[in-house]
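The values are calculated or read from the model by the stated rules, or taken from the named source; none is laboratory data. Predicted model, so just to flag it, every value in this text is computed and none were measured. When we count neighbours, we look across all protein chains shown, and the Cβ atoms used for this are built from the backbone with ideal geometry, even at glycine. These accessible areas exclude ligands, DNA and RNA; they are computed on the full protein's heavy atoms, side chains included. Shrake-Rupley method; radii C 1.70, N 1.55, O 1.52, S 1.80 Å.
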Amino acid sequence: MTRLSRRNVLGAMAAGPALASVAARAAESDLSGLKDMTAGVVPIGADERRRRLDRAQALMRTSGIGAVLIEPGSSLVYFTGIRWGRSERAMLAVLPVEGEPCIVSPYFEEPRMRESLAISAEVRVWQEDEDPLKLVAGFLRDRKLAARPVGIEETVRFFVPDMLAHALPAAKIVTANPVVRGCRMIKTVAELALMQRATDITIAAYRWTYPRVEKGMTGRDIGALMDAATTKLGGSPEFSLVLIGEAAAYPHGTQAVHRVGDGEIVLMDCGCTVQGYQSDISRTFVFGRASKDQRTVWEQVHQGQQTALAAARIGVPAGSVDVAIRKLYESFGYGPGYKLPGCSHRTGHGIGLDGHEPVNLVRGETTKLAPGMCFSNEPGIYIPGKFGVRLEDCFHMTEAGPKWFSTPPPSIDQPFG
């Protein structure tokens, strides 16, 4: 018997007997024909992390920032390798403008923290009856940085800088976006390789799942198959949203349960991670014969993807890509703008260690596109009460222009190429 991950089996069982039976059939059938695609994957190494810190420190100098404060999450992983959940106990990284970073850890968590710490860093620990931000303040004083602005990573919770202001009253608190975004938005060759592998796994899982979609299945049934295939292929399933029929008219679906039927739209939005780096791919097809209206909308979305890609040029504002889509869709009679029927969401989002990360392809975004930036391209069209179509493929910017991670499908009849 092919082993499903414990996460998938328990998730299927919790969802009910129908889903559990689908997952069981997947585990017992032909998953054995799928092979792990992560052989040879190269994790992010010490040299790359050193370059990240060097880049961050250069951006700190340019921005006049003395140090950057980071909580658990993808930015902590990015700079230190530490994988940690957020709780009321502060686990913090302080990146100084010069020298080694400092990790501020609960005393009893230090051994576990060091298991994933991937850089050379000073470690300062705090006891349960102590204030961890006093340790941060002490580190800044020791490094003679107490009088310089402290950048706060944008996802840090309010209580952290608030406590720092009490521990270091003279501190000037500023945003760390010029530093953290300045590093993370520009992907390296190593990062792009991991994202490419995650994408390849998701496409392979789609191709395995597609011919196994049956009449009467729910979205959760299909998602269980997709997760099982992704796991067998070596990816870590991140999400598997499957919208059927009218549910596809709403970008993230509804609470109602829909089942596959003849002539029904099936919209799948799925992704996985490899070494923490994400894929995000959507496909829309019809179970059985597609209607004229379904074909028309599918082709319009396909044209929308190509329009977005053509608009993504080095040096243009990210928002201009979204503007190009609005103009095209309005020529089809949709909108205007984000109104329905039409595309009610942005054209795309940044992607990397997070499925959604800065910046977005949305009207008004002035950040200019540069080599190494990665985005989803998903200008769906949604017709409330009827159906929706979303095709989503990610791309990264190169000196020569945008390059797909996955190639959009050629037609509604060949949804996976």
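The table that follows gives values for the structure above.
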| item | result |
| --- | --- |
| Hits in the stretch 260-308 (condition: out of contact with any Cys (no Cβ under 7 Å at 6 or more places or on another chain), β-branched (V, I, T), open to solvent by less than 10 Å² (accessible area, probe 1.4 Å) and closer than 18 Å to C394 by Cβ) | V274, T284, V301 |
| Filtered residue count, the stretch 302-333, keeping only those that are over 14 Å from L361 (Cα atoms) and in contact with a helix residue (DSSP H, G or I) (Cβ under 8 Å, 6 or more places away or on another chain) | 4 |
| Members of the stretch 240-255 found to be part of a loop (DSSP other than H, G, I, E, B) and open to solvent by less than 60 Å² (accessible area, probe 1.4 Å), listed by number | P251, G253 |
| Within the stretch 128-143, considering residues that are outside any helix (DSSP H, G or I) and in contact with a Pro (Cβ under 8 Å, 6 or more places away or on another chain), the one least open to solvent (accessible area, probe 1.4 Å) | R143 |
| Verdict on R86 being assigned to a loop (DSSP other than H, G, I, E, B), charged (D, E, K, R) and more than 21 Å from G276 (Cβ to Cβ) | no |
| Yes/no for R55 being touching a residue at least 24 places away in the same chain (Cβ under 8 Å), open to solvent by 70 Å² or more (accessible area, probe 1.4 Å), in a helix (DSSP H, G or I) and under 23 Å from I351 (Cα atoms) | yes |
| Considering residues of the stretch 100-118 that are in contact with a strand residue (DSSP E or B) (Cβ under 9 Å, 6 or more places away or on another chain) and part of a loop (DSSP other than H, G, I, E, B) only, the residue surrounded by the most Cβ atoms within 10 Å (Cβ to Cβ) | P101 |
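This table checks each residue for (1) open to solvent by less than 20 Å² (accessible area, probe 1.4 Å); (2) more than 18 Å from the chain's Cα centre (by Cα); (3) touching a residue at least 40 places away in the same chain (Cβ under 8 Å).
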{"site": "I222", "(1), (2), (3)": "yes, yes, yes"}
{"site": "K232", "(1), (2), (3)": "no, yes, yes"}
{"site": "G235", "(1), (2), (3)": "yes, no, yes"}
{"site": "E238", "(1), (2), (3)": "no, no, yes"}
